[in-house]
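The structure under discussion appears below in the form of structure tokens.
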Amino acid sequence: MTAHAVRGMSAPPEVVFNTATDPSRASAWLPEPLRGDGSPAAEIDGEELRARWDDTDWSAELRVRPADTGGARIELDLTDGAGGSGPDQLADEALANLVREVADNLQAG
């Protein structure tokens, strides 16, 4: 089952993407099945601000784009290849956690 979640942020897209792909911040926002060492899979495309994480049963693809009103638009596709139920809630929670991580990153920097 694949879940799709979208959220807007006032932070610049590059800040959102860099925070999301920072392995030291992954455990704070990625769902448990994808945390591993926090490193995204080899599929990172900085020009499109797109990253992918894969595990045996789970995968996540994150896309960060500029928002029309400024800031960023974040999209997350979360797939549970084992066919379980629950990726919808996990996708929403993951983006809420990423928003908090970006805010912390901006306050620290």
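Every number in this text was worked out from the coordinates using simple rules, so none of it is lab data. Note that the structure is predicted; figures quoted are calculated from it, not measured.
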Once amide H atoms are placed 1.01 Å from N in the peptide plane, what residues at a sequence separation of 5 or more from Ser10, or on another chain, have their amide H within under 5 Å of its amide H?
Ala72
Per the rule of 0.36 nm per residue minus the C-alpha distance, extending Asp68 to Asp22 adds in nm 14.0 nm
